[in-house]
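This report concerns only the one structure given below.
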Amino acid sequence: MTVARWLSLALPLLAVLAVGARDRDRASRAGALLAFVTAGIGIAALHEVARLAGWYTFTPVDGAYRGMPVDLWIGWAALWGPLPVLLRRVLPLPLALGLLLWVDAVAMPALHPLVHLGPHWLVGEVVGLLLVALPAQLLGRFCADRRHLGARTLLQVGVFAILLLWFLPTLAFELGGGSWAGLTGLNRTGLLVVAQLALLAATPALAAVAEFAVRGGGTPYPWDPPRRLVTTGPYAYLANPMQLAGVALLLLTAAVTRSVTLVLAAVSTAAFGAAVAGPHEQSDLRARYGDSWRSYRRQVRDWWPRWRPYVSGTPAVLWLDDDCGACAATWRMLARRHPVGLRIRPAREHQRVLWRAEYVGGDGHTERGVAAVARGLEHVHLGWAVVGWTLRLPGATWLAQLVTDAMIAPPHPARPQGEPCPTPSNVSLTAPSPPSANTASPASPPAPSPPPPE
């Protein structure tokens with residue numbers, strides 16, 4: 001078994017090193033590393049399912065993680081992750097998956113008695129290829145070739161969420177105290193409270209990921225970063241919202257599962273971010289963006305958010321129908337709070353007919369309907385910004401827009417002042433007097449959105 005374990009580790013790693021030595025492209029190596037992490041986490045999860053389903057088990061040996069030999073785990077992750085990514089130019093994805101299935105079909109029986117196969121182990125292989133190897137390959141290849149920004153961002157979010165919320169806690173439980181029983185033993189009310197707290201902690205991170213993708217043209221992965229400096233959304237308040245949200249989620253999980261080890265992991269994560277990753281990131285951003293980055297960092301901190309947003313450059317514009325009760329009430333609410341870097345304009349003055357509220361950022365980014373109003377809230381202060389980020393969560397915008405269209409104000413063309421707005425009669429909002437001149441002062445039409453990055 002010792003020879004089998006060494007070969008299972010050495011052969012895939014040597015193959016990765018040999019191929020990687022010939023492919024010196026930084027993006028390829030970044031994609032290969034991401035595929036390795038994805039495959040490693042996925043194989044750990046697959047092992048838990050395989051034990052329950054009886055697909056396969058391992059002989060108890062030293063150097064195992066929850067019953068799986070670590071050397072076999074690493075070699076398996078190298079085979080399913082980075083190797084096919086580095087060979088992607090000569091190994092199309094369907095062929096790569098077919099070869100991986102063939103290698104496993106030959107190797108798994110040959111590893112007996114280290115591996116004990118159940119009667120349906122091939123089912124487990126197919127499940128693993130579809131749910132572990134395929135996502136790892138898609139993510140690694142998309143990252144290496146800088147393709148499909150939306151897909152690779154979603155895949156990264158899924159991988160990092162599993163790493164943060166399942167793999168790290170499970171590893172902490174193996175090394176120290178705590179268990180999932182603290183969470184699974186909660187009643188419905190307790191689970192709902194924990195879920196709401198987790199969503200609150202995760203909201204700035206999710207909004208920051210979206211900001212990276214839609215306004216920066218990049219992802220949270222350090223080697224697949226945005227191509228433009230992002231200072232909007234959560235970044236108008238805090239320089240590292242993802243790290244802060246990650247630490248908060250780890251501490252919440254530690255509190256629920258009563259794991260001191262997980263508390264130490266959260267503290268170590270914060271210390272690593274502040275002492276190692278932070279300075280490296282700042283040096284890179286300073287070199288890429290120069291004075292823009294220095295101006296931003298002089299006013300936005302890493303771990304303590306601003307109350308009012310940081311804004312630079314051209315102010316954003318929020319177009320609202322001032323003769324419609326719901327929009328006019330939104331106008332008054334925002335104007336009373338003196339939003340920073342935001343001008344509110346009557347929709348009837350837009351260069352084209354608007355059917356919903358529209359937000360145009362200083363960089364040309366546009367949002368419509370509820371999402372536009374949510375963007376406007378980001379210009380008020382941190383409390384309202386959190387509301388805006390929540391409204392822009394996946395699914396929340398669609399639901400809020402559906403309710404708005406059905407019960408508050410259906411889509412309608414902005415009309416000359418004085419014409420009736422099709423707001424449902426049971427809504428108590430009434431049309432206000434015209435906004436003050438300084439709030440609705442004329443401005444040049446907003447620039448069109450820039451083309452997506454290549």
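Figures for the structure shown
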quantity	calculated
Heavy-atom accessible area per residue - the chain, 1.4 Å, Å²	49 Å²
Between segment 222-259 and segment 270-312, the Cα center-to-center distance that results, in Å	13 Å
Centre separation in Å (Cα based) which lies between segment 67-127 and segment 326-362	56 Å
Contour excess over end-to-end distance, with Cα ends at V127 and A271 and 0.36 nm allotted per residue	48.0 nm
Backbone HN-Hα couplings from phi across segment 101-116 [Karplus 6.51/-1.76/1.60, Hz, Gly and Pro as x]	5, 5, 4, 5, 5, 7, 6, 4, x, 5, 7, 4, x, 5, 10, 10
Integer Hz, Karplus 6.51/-1.76/1.60 couplings in order for segment 179-186, x for Gly and Pro	6, 5, 4, x, 8, 5, x, 6
Charge dipole of segment 220-352 about the Cα centre (unit charges at C-beta), most positive-ward option of N240, S292, L250	S292
Cα centre as origin, Lys/Arg/Asp/Glu Cβ charges: the chain dipole, Debye	880 debye
Solvent-accessible surface ranking, highest first, for V90, V340, V115 at 1.4 angstrom	V90, V340, V115
Ordering of 257-268, 12-23 by burial proxy (mean other Cβ atoms within 10 Å per residue, highest first)	257-268, 12-23
Helix-only mean residue ellipticity at 222 nm for the chain, each DSSP H run of n ≥ 4 adding -39500 (n - 2.57), per residue, nearest 500	-17000 deg cm²/dmol
Dipole of the chain, positive direction: furthest Cα of T2, L130, G383, with charges on the beta-carbon	G383
Apportionment of accessible area to carbon and sulfur, segment 308-388, percent (1.4 Å)	55 percent
Estimated vicinal HN-Hα couplings, Hz - segment 222-234 in sequence order (Karplus 6.51, -1.76, 1.60; Gly, Pro = x)	x, 9, 9, x, x, 8, 10, 5, 9, 10, 10, x, x
Gap separating the Cα centres of segment 143-162 and segment 187-204, nearest whole Å	25 Å
Label point 7 Å beyond Cα of R66 along Cβ direction - residues of segment 1-39 with amide nitrogen under 19 Å	36-39
Projected label distance in nm at T59 and L14, using a 7 Å step from Cα toward the beta-carbon	2.3 nm
Förster radius 22 Å - calculated FRET efficiency between D405 and V353 (Cβ-Cβ, nearest 0.05)	0.80
Magnitude of the charge dipole, segment 58-148, Cβ model with Lys/Arg +1 and Asp/Glu -1, debye to 20	460 debye
Intensity falloff of the chain expressed as log10 I(q)/I(0), Debye formula with alpha-carbon point scatterers, at q = 0.07, 0.10 Å⁻¹	-0.46, -0.85
Inter-label distance, nm, simple model (7 Å from Cα along the C-beta direction), W166/V260	2.9 nm
Tail beyond 13 Å, pair distance distribution of segment 15-69 (Cα, percent)	69 percent
Taking only Cα atoms of segment 197-323, radius of gyration then Dmax in Å	16.3, 58
M333 - accessible surface, heavy atoms, 1.4 Å probe, Å² rounded to 10	40 Å²
By average C-beta atoms within 10 angstrom, highest first, the peptides 105-112, 221-228	221-228, 105-112
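The values are calculated or read from the model by the stated rules, or taken from the named source; none is laboratory data. Predicted model only: the values in this text are computed from it and were never measured. For neighbour counting, all protein chains shown are included, and Cβ atoms are generated from backbone atoms with ideal geometry for every residue, glycine included. In case anyone asks, the SASA skips ligands and DNA or RNA and just uses the protein heavy atoms, side chains included. Shrake-Rupley method; radii C 1.70, N 1.55, O 1.52, S 1.80 Å.
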